[in-house]
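Data block below; observations after.
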Amino acid sequence: MSASSYTMSQRLQSAKRAFVTRRVDSNDLQGLNTNQSPKSGDLVLARVTEIGHHTKIERIDGRKATLYEGDEIILAFGNRYAPDQFEATVPNNLDACHMVAAGGIAGLALGWHSRISVPTAIQPIGLITNKYDQVINVADYKLPSHQYGLVANSVPSVVVVGTSMNAGKTTTAAHLIHGLNAAGHTVGAMKITGTGAGGDLWLMKDSGAAHVLDFTDAGYPTSFNIGNEQAKQIYPVLAAELIRKGCTAIVIEVADGIYQQETNAILESPDFKQYFPNVLFTAREAMGAQSGASWLVNQGYNVQGIGGRICASPLATREAANALGMTVYDLADLRDPTTACYILGTDAYTSGTA
């Protein structure tokens, strides 16, 4: 190895590296390409030029590292869909752009919520290459598609979906995982759409999930604007891996709301309905709960109940229960093993549980 390539390799190793790049072998980070236009998933070395909304970067080990102007960071280019934060797109060059997610997404911010500050500004230095001078993409390290694929209903499951971002989906999923784990299940969790970030995965793991995967394990830093057909290829890869690992129950989080384009395409897919018919719907208020749950029922899903941030209000909880004739489960309910198994559709503890 030449002195110049050694220096570049060391420079890349010392940069603050984001969570969405965690599957990439650090030894493969060797050089830079400054002439190629980026595409979603490409790794980029960038310099922080102005601190904005994101003051920290989530590292591959989950720790959030404080950012300073002048820091060199490793991100992945991606589109961002976040009505409460940013809408962003992959730029067509390496001009100045933004870090639009703490998990490590580089993109050109098109707009943002009025309650947050401007995005953190970055200057791309170059796309990161391997020893063959090929630009590294997170898709190069994705899980393989298992040859046996999925068998419908081979493992009981619950899909957690909601009205929108911050409806309480991840918290609901985590407490349900805790209940299923207490019931003796080997729980697998997967988040099949969204923006790459470790917080949700760590919470699911802390709640008792034996194995946790998300769309980044299928090769996508975010699922926004990857195309509906590509989005529908994510869940079979992740579910097959969880089944291969011996999970006896699977909890699936589908990000954002049912009108978000990739989420909607997946939920309307006949195959997805066949594999994962049981749904727990999350909402912030009664009207959203009624509208979303009714849409899911019309799609043919078994809506097992309502959860999410609506449970913070006894009045809204009562309104939703009356309007839908469904049970609204608070977090304590979800942690109860018997209730968790009922929502899963098994109505029973697994064998060998005390």
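A probe of 1.4 angstrom, applied to the heavy atoms of all protein chains, finds Ile60 with accessible area near 70 square angstrom.
Peptides 114-121, 301-308 ranked from most to least packed by the mean count of surrounding Cβ atoms within 10 Å: 301-308, 114-121. Heavy-atom accessible surface of segment 18-89, averaged per residue, reaches 42 Å², computed with a 1.4 Å probe. Seen from Met99, the other residues with C-beta closer than 14 Å to its C-beta sum to a net charge of +2, counting Lys and Arg as +1 and Asp and Glu as -1. Note on Lys131: lysines with a C-alpha under 22 Å away, same-chain residues under 8 apart excluded, are Lys16, Lys39, Lys142. From the coordinates of this entry, Rg/Rh (Cα atoms, Kirkwood Rh) is computed, and it appears in [x] 1.00; [y] 1.09; [z] 1.04 under the label [x].
Of the trypsin sites (Lys or Arg not before Pro) in segment 198-256, the ones in a loop by DSSP (not H, G, I, E or B) with at most 14 other beta carbons within 10 Å are Lys245. Given a 1.4 Å probe and the protein chains as shown, Glu319 ends up with an accessible area of around 90 Å².
Over 20 Å apart at the Cα level, from the set Lys169/Lys205; Lys56/Lys205; Lys56/Lys191, are Lys56/Lys205; Lys56/Lys191.
The distance from the alpha carbon centre of segment 271-302 to that of segment 197-239 is 20 Å, rounded to a whole number. In this view, the solvent-accessible surface of Cys97, computed with a 1.4 Å probe and all protein chains in place, comes to about 10 Å².
Per residue of the chain, the DSSP helices (runs of n ≥ 4 H) give a summed -39500 (n - 2.57) that works out to -8000 deg cm²/dmol at 222 nm.
Can you say what percent of the DSSP beta bridges in the chain, counting only those with both residues inside, are antiparallel? Round to 5. Around 55 percent of the beta bridges assigned by DSSP in the chain are antiparallel ones.
The trypsin sites (Lys or Arg not before Pro) of segment 59-111 meeting both criteria, a DSSP state outside H, G, I, E and B (loop) and at most 15 other C-beta atoms within 10 angstrom of the site's C-beta, are Arg63.
The values are calculated or read from the model by the stated rules, or taken from the named source; none is laboratory data. No experiment lies behind these values; they were computed from the predicted model shown. Don't worry about glycine lacking a Cβ; one is built from the backbone with ideal geometry, like all the others, and counts go over all protein chains shown. Side chains included, ligands, DNA and RNA excluded: accessible areas come from the protein's heavy atoms. Shrake-Rupley method; radii C 1.70, N 1.55, O 1.52, S 1.80 Å.
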